[in-house]
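Only one structure is covered here, and it is reproduced in the block below.
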Amino acid sequence: MPTQLITALDFFDMETALANVDRIGPDCAWHKVGKQLFTSCGPEIVARLKAKNKKIFLDMKYHDIPNTVAQAVTAAAKIGADLCNVHASGGPAMLEAAAKAGRDAGITVIAVTVLTSMDAAELAAVGINASPAEQVARLAELAQKCGIAGVVCSALELPVIRKVCGPDFLTVVPGIRPATASKDDQKRVMTPAEAAAAGADFIVVGRPITKAEDPAAAAAAIQAELASVK
Ligand code: C5P
């Protein structure tokens with residue numbers, strides 16, 4: 001399947017988020033609702049996006065005991081999300097419970113491995129004496145074994161994830177910048193075409209679209225770039 005675009009709606013209020021969705025228009029089918037927007041607006045934002053026929057990645061990164069995470073995944077499906085995520089470091093029992101809840105409720109569940117804000121020193125501070133790359137590979141493999149459908153990962157991690165988990169494991173990749181866009185606070189970025197060529201199933205793009213003078217044109221340009229990759 002060609003790489004699909006998800007636009008991140010990192011806003012505080014519903015009307016700004018929905019106005020942005022309208023400005024982006026039909027060139028983006030998927031939108032990411034994260035902790036900022038969901039904490040501000042609650043499930044109504046998901047319902048309002050559904051009413052616009054959008055698909056929703058609910059990026060809440062659940063991390064709790066297995067029963068609680070399973071119920072949260074069920075709730076995410078009930079409010080209409082299509083894709084949600086959990087922290088792989090929650091462990092096998094939690095991952096299995098999340099995967100089962102997702103299958104039962106009809107929502108795709110992916111995992112976060114190591115936050116890209118963590119380096120080797122940060123991992124060591126929480127008792128993990130592996131490099132970020134080793135830990136990413138270990139957690140991706142564990143998530144897959146537990147029935148999780150894929151991972152959120154940086155473009156730089158795509159090769160190792162593909163090697164460890166094979167071609168059918170979903171990869172959702174933020175940290176994307178078209179060659180002409182500002183990097184904002186992202187440090188290691190790839191262009192949409194580079195991420196597509198590296199095998200990303202989805203790319204997550206926020207500010208290069210939402211802060212563009214013409215968001216529809218920015219989304220269309222990214223779609224054209226993705227389509228140019230075989
Ligand atoms: O505006 P920008 O394109 O940088 O937004 C990227 C989105 O992806 C944000 O919602 C951000 O929280 C999320 N994200 C990220 N890097 C990660 C994981 C998630 O930028 N490693």
(request) Would you please give the residues with an amide H less than 5 Å from that of HIS87, counting only those at least 5 places away or on a separate chain, with H modeled from the backbone geometry? (result) TYR62, HIS63, VAL112
(request) Taking H placed 1.01 Å from N in the peptide plane, check which residues at least 5 places from LYS32 or on another chain put their amide H under 5 Å from its amide H. (result) THR7, ALA8, LEU9, PHE57
(message) Using Cα-Cα distances under 8 Å and only pairs 6 or more residues apart, what relative contact order does the chain have, in percent?
(response) 21
(request) Kindly write out, for the range 188-201 in residue order, the coupling ³J(HN,Hα) from the Karplus curve 6.51 cos²θ - 1.76 cosθ + 1.60 (θ = phi - 60°), rounded to whole Hz, with x marking Gly and Pro. (result) 10, 10, 10, 7, x, 5, 4, 5, 5, 5, 7, x, 5, 7
(message) Need the list of aspartates and glutamates near LYS55 for cross-linking: C-alpha distance under 20 angstrom, and skip anything on the same chain fewer than eight residues off.
(response) ASP10, ASP13, GLU15, ASP22, ASP27, GLU44, ASP82, ASP104, ASP201
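222 nm [θ] for the chain, helices only, -39500 (n - 2.57) per DSSP H run of 4+, per residue, to 500? It would help to have the intermediate numbers written out before the result.
Values: 11 runs with 104 residues, N = 230.
When only DSSP H runs of four or more count, the value is -13000 deg cm²/dmol.
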(request) Let me know the Rg and Dmax you get for the range 159-200 when you use only its Cα atoms, in Å. (result) 11.6, 33
(request) DSSP loop (so not H, G, I, E, B), at most 15 other Cβ within 10 Å: list which GluC sites (Glu not before Pro) in the range 152-215 pass both filters. (result) GLU213
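Taking the highest mean first, how do the peptides 119-131, 195-207, 36-48 order by number of other beta carbon atoms within 10 angstrom per residue?
Result, highest mean Cβ count within 10 Å first: 195-207, 36-48, 119-131.
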(message) Which lysines, if any, have their Cα less than 26 Å from the Cα of LYS54, not counting same-chain residues under 8 positions apart?
(response) LYS32, LYS35, LYS78, LYS100, LYS211, LYS230
(request) Could you work out how far the C-alpha centroid of the range 92-133 sits from that of the range 176-198, in angstrom? (result) 24
(request) Rounded to whole Å and sorted largest first, list the principal axis extents of the Cα atoms in the range 99-230. (result) 44, 38, 26
(request) Could you go through the range 115-132 in sequence order and give the Karplus-derived ³J(HN,Hα) for each residue, using 6.51 cos²θ - 1.76 cosθ + 1.60 with θ = phi - 60°, rounded to whole Hz, and x for Gly and Pro? (result) 4, 5, 7, 9, 10, 4, 5, 5, 5, 4, 5, 9, x, 10, 9, 10, 6, x
(request) Work out the charge dipole of the range 4-227 with +1 on the Cβ of Lys and Arg and -1 on the Cβ of Asp and Glu about the Cα centre, then indicate which of LEU156, THR171, PRO66 is farthest towards its positive end. (result) PRO66
(request) Could you order peptides 100-106, 52-58 by the average number of other Cβ atoms within 10 Å of their residues, highest first? (result) 52-58, 100-106
(request) Starting at the first residue of the range 152-163, write each ³J(HN,Hα) from the Karplus equation 6.51 cos²θ - 1.76 cosθ + 1.60 with θ = phi - 60°, in whole Hz, x for Gly and Pro. (result) 8, 8, 6, 4, 5, 8, 3, x, 5, 5, 4, 5
(message) Explain nothing, just the number: dipole magnitude of the range 23-112 about its Cα centre with +1 on each Lys and Arg Cβ and -1 on each Asp and Glu Cβ, in debye rounded to the nearest 20.
(response) 340
(message) Largest first, please: the extent of the C-alpha atoms of the range 96-156 along each principal axis, to the nearest Å.
(response) 39, 24, 15
(request) Report the equivalent ellipsoid semi-axes for the chain in whole Å, largest first, defined as the square roots of five times the eigenvalues of the gyration tensor built from alpha carbon atoms. (result) 26, 22, 16
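Quick note: the coordinates plus some simple rules give every number you see, no bench work behind them. In this text the structure is predicted, and so the values were computed from the model without any measurement. Note: ideal-geometry Cβ built from the backbone for every residue, glycine included; neighbour counts use all protein chains shown.
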